[in-house]
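Okay, so here's the structure we're looking at.
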Amino acid sequence: MFQIFKEHQGFGKQIMLLAKNELIKKYKGAVIGPLWSVVKPLFTLFVYWFAFEVGLKSAGNVKVIFPELGKAGGTFEYSRFLFMLIGFIPWFFINESIVQGAKSIRENRQFVNKVSFPVSTIMTYTSVARLYVHIFLLGLMYLYITFIGGTYKIPGMEEAVTGGITPSIYNLQILFYMPLMFIFFLVLSWSTAPMSAFSRDFENMIVSVMSGIFWLSGIIYDSYLLVGKELPSDFIRHAMLLNPINFFANGYRNCFLYHRWFWDYKTELFVFLAELLLVFALGIFNYNRLRKRLPDVL
């Protein structure tokens, strides 16, 4: 752990510069350059907006209930696109962080053979590049839900209303969830990047399973206690607490939709922190185990 931290000392400016160059390099030759990293998720969101707001209006709103909150509990109701939008924003970052994080060492092999270059910073600046895009999309999302919003109803409202959602102190929780999300998937890449450098099969496996992981995470549905039949089994709902992606999808909705503090659902928080410690330990172990062998493999 101290070796990895030591490798980052004095490389702060280089990491930021390399993160910027990472985006430029990826879209080199394109007219709008790094803006393609924003166009792709925006087009995806447009497709979902058209599908659920125009084509599938019969899908109805999403209703969620939190009985464990006592007086603060009750039924929450949101238009389906508004609900999905806030789940998609962390997903875009998570998907890119997992896939590009696994590819990072192989795609930047020119740095591995340089004795003075700390290899662990490769995963860091790759994640920082994804974070730049995430912050920009997060800003666009916040403008949308504030000024446009959608149909929603929170406890205390007699009827659902349509319009923007008023900013609240709960929004500040993004300063807890976003850094935690960045750290978790950066630490995960300490394991996946060296292993992918040793085996393209491992890298291809990660790319292949990501579409399945999307449907196993609470991006377009809610994993809390739902009104309806979206997650009818308590066993499935409790099992999904083990999915860290689900933790962040719920967390972003806690910030902007549910008006709930992150400590209100302690079980989910403690399960995630245990997983973070496990991934952290595995990341340190795998990186230190494989680091010296990387130049020979690449």
(request) State the extension gain, in nm to one decimal, for the chain segment bounded by SER199 and ARG289, taking 0.36 nm per residue of separation less the distance between their alpha-carbons. (result) 30.9 nm
(request) Extending each Cα 7 Å along its Cβ direction at ILE154 and GLU275, get the distance between those two points in nm, one decimal. (result) 2.6 nm
(message) What distance in nm lies between label points placed 7 Å from Cα along the C-beta direction at SER168 and TRP261?
(response) 1.4 nm
(request) Kindly rank 1-7, 97-103, 120-126 from highest to lowest mean number of other beta carbons found within 10 Å of each residue. (result) 120-126, 97-103, 1-7
(message) Let me check I've understood the local charge: for VAL133, count other residues with C-beta under 12 angstrom from its C-beta, Lys and Arg +1, Asp and Glu -1. What total comes out?
(response) +2
(message) I'd like the projected area of the stretch 101-153, averaged over all directions, using the convex hull of its alpha carbons. Report it in nm² with one decimal.
(response) 5.4 nm²
(request) Excluding PHE202 itself, calculate the net charge of residues whose Cβ lies under 14 Å from the Cβ of PHE202, where each Lys or Arg counts +1 and each Asp or Glu counts -1. (result) +1
(request) Just check the stretch 123-190 against the gyration tensor rule for me: Cα atoms, a ≥ b ≥ c as the square roots of the eigenvalues, rounded for a/c under 1.5, and otherwise prolate or oblate depending on whether a/b exceeds b/c. (result) prolate
(message) Order 246-252, 203-209, 175-181 from most to least packed using the mean count of other Cβ atoms within 10 Å.
(response) 246-252, 175-181, 203-209
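Values quoted throughout were computed directly from the atomic coordinates according to the rules given, and no laboratory measurement underlies them. What you are looking at is a predicted structure, and each value in this text was computed from that prediction instead of being measured. We place every Cβ from the backbone using ideal geometry, glycine too, and count neighbours over all the protein chains shown.
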